[in-house]
1. Kirkwood hydrodynamic radius (Cα pairs, Å) of the chain?
2. Skipping prolines and chain starts, which residues have an amide H placed within reach, meaning under 5 Å, of the one on G40, given they are 5 or more residues away or on another chain?
3. Once amide H atoms are placed 1.01 Å from N in the peptide plane, what residues at a sequence separation of 5 or more from E461, or on another chain, have their amide H within under 5 Å of its amide H?
4. If you take every residue apart from I198 with its C-beta less than 11 Å away from the C-beta of I198, what net charge results, scoring Lys and Arg +1 and Asp and Glu -1?
5. Based on the mean of other Cβ atoms within 10 Å per residue, sort peptides 290-302, 101-113, 374-386 so the most packed one is first.
6. Using a Cα-Cα cut-off of under 19 Å, which lysines could be cross-linked to K256, ignoring same-chain neighbours fewer than 8 residues away?
7. Expressed as a whole percent, how much of the Cα-Cα distance distribution for the range 159-271 exceeds 19 Å?
8. Using modelled backbone amide H atoms (1.01 Å from N, in-plane), which distant-in-sequence or interchain residues come within less than 5 Å of E374's amide H?
Amino acid sequence: MDLLFPLLSSIICFFFLLHGLDLYRRRRLPPGPIGLPIIGNLLDLGPKPHESLAKFAQKYGPLITVQLGTVNLVVASTREAARDILLRHDEACSGRPVPHAVTALKHHDMAVLWIPPNETWHTVRKVLKLHLTSQHKLDTLMGVRQNVLEGVTDFLRERGHKKVAVDVGEVAFAVSLNQLSQTFCSQNMTCSYESEDIREFKMAVETAMEVQGVFNIADTFPVLKRFDPQNVWRRAKAAFMWLEDKVQGSVNERLKNRDSKLPRFDDVLDSMLDYCHDHEADFNVEHIKTLIVDVLVAGTDTIANATTWVLSELLLNPHMFSRVREEVSQIVGEDGKIEEAKTLDLPYLHAVIKETMRLHAGSPLLAPHITQTEVKMGNYVLPKNTQIFVNVWAMSRDPRYWENPTVFMPERFLKNKLEFKGQHFEFIPFGSGRRRCPGMPLAERMLSLIVASFVYHFDWELPHTKEEMDMNDLYGLTILKATPLVATPDQVTR
Ligand code: HEM
């Protein structure tokens with residue numbers, strides 16, 4: 001008992017000393033809310049961190065610091081601050097903090113989203129461009145994506161005929177999954193557009209996305225990693241293993257085919273295996289497997305989610321739906337088919353897609369960046385290893401840049417000609433600079449073709465009035481619609 005008081009006082013003094021030391025270290029960082037000792041601002045973030053951080057920015061300025069346990073996080077919330085980070089200090093700010101969940105990936109040191117911009121990262125991005133996203137590849141692989149979409153159109157016709165509603169996000173997920181798996185391995189990863197198989201795949205991808213984006217206490221207090229108190233690492237392991245197994249199966253089968261000198265498929269997998277053969281020292285089969293898992297995770301849920309938001313907005317605004325359909329009808333061939341290349345020339349469709357990405361930014365805070373060296377920004381100094389978020393959500397709704405920022409108005413993009421390619425910093429749903437999304441040109445094509453087809457071929461009947469549509473969102477590495485969009489596709493007869 002005699003010892004209890006001095007012991008307690010020493011512990012309290014120790015924590016206050018640490019807190020004081022931390023405040024001293026933070027003195028050259030941008031300002032921000034003072035948090036509690038030890039946990040800092042962890043409790044201030046709430047279920048929608050992008051919104052809480054936007055409120056802090058209104059109070060403390062364009063560049064703020066919040067403390068999450070042992071981590072200092074700097075957040076940029078204006079286009080000038082974003083430009084500083086992603087353009088002026090692009091190289092210094094292009095590292096990634098690796099969430100504990102990501103270490104559950106078998107080869108996380110090859111995962112392009114999370115590795116620092118080292119040799120491996122350069123090689124993987126080069127391979128991605130060479131075999132998938134260069135203009136030439138986008139054009140030559142277009143037919144594969146169109147074929148998959150025609151398959152899903154038949155499925156939707158059949159559903160509509162039977163008056164059965166579908167989950168639009170689930171169908172768009174299956175389309176993007178099969179478009180990517182056909183492009184890579186000439187096979188459909190899912191045989192049906194509505195089955196247990198697709199739900200399992202979607203669940204694995206959604207879990208992979210969620211665990212990479214969640215605020216995990218083990219990331220802010222590394223000492224907790226071994227206990228995995230939120231069960232994040234274990235869930236990550238299960239999801240990644242499931243995806244790795246699927247991809248491993250396809251790659252191993254192809255390797256056997258090649259050993260047996262069976263005819264080539266001449267798809268992306270064959271061309272990457274050829275590349276491996278010629279560049280064995282820096283790109284091998286494990287890189288290929290990891291890259292395919294990365295692309296399946298990065299390019300399915302994002303497309304499904306964006307399709308869900310676009311269609312939801314169009315169903316809420318029937319005159320815009322009709323205008324898109326009218327525009328698409330100008331490019332439909334005599335056989336009723338829609339060519340992907342032609343959808344790229346539809347200004348109103350693109351304005352609708354951009355406006356959806358503005359209001360429902362896929363990744364509200366981009367993926368986290370980290371400084372690789374000390375960075376001086378105006379009066380502030382960000383030490384090496386400072387984590388950075390760019391609050392795309394806040395910039396996309398800032399009344400200084402957008403008239404009626406919370407209103408869905410695609411017309412604004414017909415007037416202002418803003419692009420999402422990374423030069424207009426108030427609108428960067430794909431990021432900017434060297435870590436910008438390498439899948440952007442592919443995503444633009446996939447999304448345009450899916451939306452054009454869904455709108456041109458079908459009227460979509462909601463099970464409720466449009467006024468009852470729930471447009472709430474759920475925070476994550478991507479912002480999901482809280483309630484799935486369920487509607488019956490009624491084929492338009494012409
Ligand atoms: C609507 C669809 C998509 C959206 C909104 C989106 C958005 C993003 C964002 C915001 C980032 C992080 C940028 C940063 O941290 O600065 C990113 C990274 C990435 N995206 Fe996408 N993306 C989409 C589709 C795709 C597709 C189809 C692919 C397939 C190739 C893809 C592959 C990647 C990869 C590999 C990275 C990591 C890049 C790196 O860290 O170097 N994405 N994406």
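The values are calculated or read from the model by the stated rules, or taken from the named source; none is laboratory data. Just so it is clear, the structure is predicted and the values come from calculations on it, not from any experiment. Virtual Cβ from ideal backbone geometry, glycine too; neighbours counted across all protein chains shown. Only protein heavy atoms, including side chains, enter the accessible area calculation; ligands, DNA and RNA are left aside. Shrake-Rupley method; radii C 1.70, N 1.55, O 1.52, S 1.80 Å.
1. 24.1 Å
2. Amide H to amide H, under 5 Å and 5 or more residues apart or across chains, G40 pairs with G69.
3. Long-range HN contacts for E461: T488, D490.
4. -4
5. Working: 290-302: 23.8, 101-113: 20.2, 374-386: 15.2.
Answer by packing, highest mean first, reads 290-302, 101-113, 374-386.
6. K246, K289
7. So the pairs more than 19 Å apart make up 60 percent of the total in the range 159-271.
8. Sorted by chain and number, the residues that satisfy this are K384.
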